[in-house]
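Read the figures in this text as sums done on the coordinates, not as results from a lab. These numbers come from a predicted model, not from an experiment. Here the Cβ positions follow ideal geometry from the backbone for every residue, glycine too, while neighbour counts run over all protein chains shown.
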Amino acid sequence: MDSLEARLRDTGQEHLIDALARLDGPARTRLEAQLNALDLPQVHRLVQQLVHAENALPYADLEPPDVINVPASTAELARDRQARAVGEDLLADDRVAAVLVAGGQGTRLGFDGPKGALPFGAVSGRTLFTHHAAKIDAIRTRYGCGVPWYVMTSPQNDEATRAIFAADDWFGLDPESVRIFVQGTMPAVDRVTGRILLEAPDHIALSPDGHGGLFPALRRHGVLDEMRERGITTMFTFQVDNPLARVARPEFLGHHAGAHAEMSSIVVRKRDPTEPVGIVARSRGTTVLVEYSDLPDEFAQARDTSGDLRFWAGSIAEHAIELSLAERVTEDRAGLPFRKAVKRVPYLDDRGVPVTPETPNAVKFESFIFDALPLARNVVSVEVVRGEEFSPIKNANGNDSPATARRDLNREYGRWLDAAGVTVPRDAAGDPTVDIEIDPRYALDADQLAERIPPGFLIDGPLFLDAARGNGGRTAPT
Ligand code: UTP
């Protein structure tokens, strides 16, 4: 095999030869080991395709997809009830696993720690992990099933995530029913030159290989085999930063199973043409998901004759995936394609001075779960109501922030309370004037809340309906 130096030269990474020359002893050995572990020809190919070439729309002849819409008619309501029964059977038969992707770095949010540890609860201050864990627990209780919970971390947050789960006593779940596994990494490169960035003199900048890194990680850690042994057939995958995620929603699972789909996606109507969510579309007979950054403006802005967005089906990154598809995707070493994510990555400049960029300076190579869609034998897209199921926490302020997530949870819980006959104090715009939280273990949905809430329940301040306490589930705000 060629020397490391020759391979670095052949792949356009000569600056790392200089970086090695500046080191000796263990520091040099560390950097050499890191560089030897890289697939340099692959990085070179990706730099040519994704850094030095124009972004091209990866799909031709885009058309809007077929979508199972939010039920509006009696027939559609009956259709959904039937799907729900099918999904409930899948859950009760222990065929579903919940898979959380939590390996991201949350650079836009700028939170110090795994995003799942963000204390977003308006009244309780509870974290996203706590909230998701409570949903898993509530599903297990409701359907008398196991629903194993798999949590993907990255090398950057794995240790911290494990420590949080252990310190919080696995959020009351049996530790045997939760498995944490770590995804792979890829080097980050300069967005103009394509040069691999150094994070420290003896360390290149590595970042998680995208949520599509789920597939190789599932294979590498033996999770696919474990699922097969357990009799799991379907994974429900979701993201850590959407507190409204209806984990393993039976209607969705039922539509997926009823169509013998290998992969299905939940969609909402896009807020506006520029909302940063991928859209589900059809391309030459195949269902695809086009990332917002790849969607040309003419498609993003296109409207139909009624004035609605033509490509309205925004993905909320929740999917049902058959184990068979995950096994097929990972049989081939090539796996899913890598795409580019332009992000801020701190680095050392040529003089070895640390730089913390203010604007995105780097390209990260990431693969995306949704790129498995074109490989799936059948695909279903199911529309849900945005306010009921989607309010992601991406930014520190403004749209898609902790503040908007709290607002949307207050609105959603407010609607549940309305339906249960409880008077919710509201402002002129109709928004609740108190913060409301409902522990999923207290009520997983509006129907359960209506069954459980004591008659004559009054809201006299911030409300946290918590299954673990008495007093009609009410706890004093903390
Ligand atoms: P995002 O694409 O929003 O990225 O992740 P992020 O890392 O959380 O935030 P930014 O872009 O740096 O601000 C969507 C979901 O995919 C997971 C995240 O943890 C989140 O649940 N993810 C993302 C991974 O698990 N691994 C990755 O490599 C990237």
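Report the equivalent ellipsoid semi-axes for segment 336-463 in whole Å, largest first, defined as the square roots of five times the eigenvalues of the gyration tensor built from alpha carbon atoms. If you can, show how the numbers build up before the last one.
Details: eigenvalues 348, 109, 26 Å².
Ellipsoid half-lengths, sorted descending, are 42, 23, 11 Å.
Leaving out same-chain residues fewer than 8 places away, which lysines sit with a Cα under 19 Å from that of Lys343?
Correct list for Lys343: Lys115, Lys364, Lys394.
Out of Ala75, Thr359, His255, whose Cα points farthest toward the positive end of the dipole of the chain (charges: +1 Lys, Arg; -1 Asp, Glu; placed on Cβ)?
Of Ala75, Thr359, His255, it is Ala75.
According to a simple spin-label model (label point 7 Å from Cα along Cα-to-Cβ), what is the distance in nm between Asp174 and Ala468?
2.0 nm
When the convex hull of the Cα atoms of segment 182-221 is projected onto a plane and the area is averaged over all directions, what value comes out in nm²?
Working: hull surface 13.9 nm².
So the mean shadow area of the Cα hull is 3.5 nm².
For segment 9-144, just list the percent of Cα-Cα distances falling in each 10 Å bin from zero outward, please.
Computed distribution, short to long bins: 8, 16, 19, 25, 19, 9, 3, 0.
Taking each pair of different alpha-carbon atoms in segment 184-259 once, compute 1/r for the pair, average those values, and report the inverse of that mean as the Kirkwood hydrodynamic radius in Å to one decimal.
15.9 Å
Taking R0 as 45 Å, what's the FRET efficiency between Leu77 and Val192 from their Cβ-Cβ distance, rounded to 0.05?
Numbers: r = 54 Å, r/R0 = 1.21.
Efficiency, from the Cβ-Cβ distance: 0.25.
What does the convex hull of the Cα atoms of segment 112-157 come to per residue, in Å³, rounded to a whole number? Could you put the intermediate results ahead of the total?
On the way: hull volume 2.7 nm³, N = 46.
Here the figure is 58 Å³ per residue.
So between Arg230 and Glu451, what do we pick up on full extension, going 0.36 nm a residue minus the alpha carbon distance? If you can, show how the numbers build up before the last one.
On the way: separation 221, 0.36 × 221 = 79.56 nm, distance 3.36 nm.
Extra length from Arg230 to Glu451 when fully extended: 76.2 nm.
What value does segment 210-357 have for Rg/Rh, both radii from Cα atoms and Rh as Kirkwood defines it? Don't skip to the answer; put the middle values down first.
Details: Rg = 18.6 Å, Rh = 18.0 Å.
Rounded to two decimals, Rg over Rh is 1.04.
Is the C-alpha gyration tensor of segment 368-419 telling us rounded, prolate or oblate? Criteria: a/c under 1.5 is rounded; beyond that, a/b larger than b/c is prolate, otherwise oblate. List each step's numbers first, then the result.
On the way: a/c = 5.30, a/b = 1.62, b/c = 3.26.
It is oblate, given that a/c is not under 1.5 and a/b is not larger than b/c.
Report the calculated FRET efficiency for Arg142 and Arg377 (r = Cβ-Cβ distance, R0 = 35 Å), to the nearest 0.05.
On the way: r = 30 Å, r/R0 = 0.87.
Calculated value: 0.70.
For the chain, go through all pairs of different Cα atoms, get the mean of 1/r, take its inverse, and jot down that Kirkwood value in Å.
On the way: mean 1/r = 0.0418 Å⁻¹.
Kirkwood radius, the chain: 23.9 Å.
Using only the Cα atoms of segment 1-48, construct the convex hull and provide its projected area averaged over every direction, in square nanometres to one decimal.
On the way: hull surface 13.0 nm².
Result: 3.2 nm².
Sort out for me the Cα centre separation of segment 116-154 from segment 320-335, rounded to whole Å.
Cα centres, segment 116-154 to segment 320-335: 26 Å.
Spin-label point model (7 Å from Cα, Cβ direction): what's the Asp332 to Ala166 distance in nm?
Each label point is offset 7 Å from its Cα along the Cβ direction, giving 4.0 nm.
In whole Å, what three semi-axes, largest first, describe the equivalent ellipsoid of segment 83-220 built from its Cα gyration tensor (square root of 5 times each eigenvalue)? Write out the running numbers ahead of the final one.
Working: eigenvalues 209, 67, 34 Å².
Result for segment 83-220: semi-axes of 32, 18, 13 Å.
Please express the shape of segment 146-204 as an equivalent ellipsoid: the semi-axes are the square roots of 5 times the eigenvalues of the C-alpha gyration tensor, given largest first in whole angstrom. Before the final figure, lay out the partial values.
Details: eigenvalues 236, 32, 10 Å².
Calculated on Cα positions only, the semi-axes equal 34, 13, 7 Å.
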